[in-house]
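A quick write-up on the structure given underneath.
Derivation of every value follows stated rules applied to the coordinates shown; laboratory data play no part. The model shown is predicted, which means the values in this text are computed figures rather than measured ones. Positions of Cβ are backbone-derived with ideal geometry, glycine not excepted, and every protein chain shown enters the neighbour counts.
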Amino acid sequence: MYDNIEIFAGDKAAEIIRDRGLKESDIKGIVGASGGPKFMVLNGLDKAILNTWFKKRTDPLFFIGSSIGSWRGAAFAGKDPIKTLDVFTGSYLKQHYSSKPTRKEVTDESIRILNDFLTEENIDFILNSSKFNLNIISAQCRGISSIESNTALALSFFPAMLVNLISRKLL
């Protein structure tokens, strides 16, 4: 099809795409990638699909994400997704930390970013009117990983590191 793009799809999806192409109505959900660099790379694509495919969408679209992926989903679900995404991106790019940021500093900066783009109006719209059904994944640390200590956190990853050394398939 194209030399500069690869499409990975299951057998049924690949058959549909080959037979009739990919249509906006075929998309039922989006998974928001975690990690700031992924968010920045996808920013242009997000604007393109929000301005074309999803601009007049009436059917619900499920957006699921964790970390920055869930924030991206919140921007999608806002009253004016392009504007919300622009505010979010601008605020995200203005992050500033000391050379050794504390947890409080990171938390405060995260709250600043969220407050910049998640206005009361957007929160109300996301909860009550958006065609994007936002689903946020979070995890609560338990046991040794819940202790606010870098040493305890490192120790909590030790079993996963050990299993990873044995076989990645066991993770």
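Charge tally around Leu50: other residues with Cβ under 14 Å, Lys/Arg +1 each, Asp/Glu -1 each, net +4. Charge tally for Ile111 (other residues, Cβ to Cβ under 13 Å; Lys, Arg +1; Asp, Glu -1): -1. Note: relative contact order over the chain, using C-alpha pairs below 8 Å and six or more positions apart, is 21 percent.
Normalised size of the chain, defined as Cα radius of gyration per 2.2 N^0.38 Å with N residues, equals 1.25. Of all segments of the chain bounded by GluC sites (Glu not before Pro) found in a DSSP loop with no more than 14 other C-beta atoms within 10 Å, the longest spans 7-147.
Once you list every other residue whose beta carbon is under 15 Å from the beta carbon of Phe62, what net charge do they have if Lys and Arg are +1 and Asp and Glu are -1? My count for the surroundings of Phe62 gives +1. Amide hydrogen proximity for Asn135: with H placed 1.01 Å from N in the peptide plane, the residues at 5 or more positions away or on another chain lying under 5 Å are Phe63, Ile64, Gly65. For the options Ile30, Ile16, Ile147, a Gaussian network treatment of the chain with springs between C-alpha atoms closer than 10 Å singles out Ile147 as fluctuating the most. Need the C-alpha centroid separation for the range 133-147 versus the range 7-70, integer Å. Result: 25 Å between the Cα centres.
Of the residues Ile49, Ile64, Ile82, the one that moves most in a GNM of the chain with alpha-carbon contacts below 10 Å is Ile49.
Applying a threshold of 26 Å to the alpha-carbon distances of Lys38/Lys94; Lys12/Lys79; Lys104/Lys169; Lys28/Lys104; Lys79/Lys100; Lys28/Lys55 flags Lys12/Lys79; Lys104/Lys169; Lys28/Lys104; Lys79/Lys100 as lying beyond it. A DSSP coil position with no more than 10 other Cβ atoms inside 10 Å describes the following trypsin sites (Lys or Arg not before Pro) in the range 111-171: Arg142.
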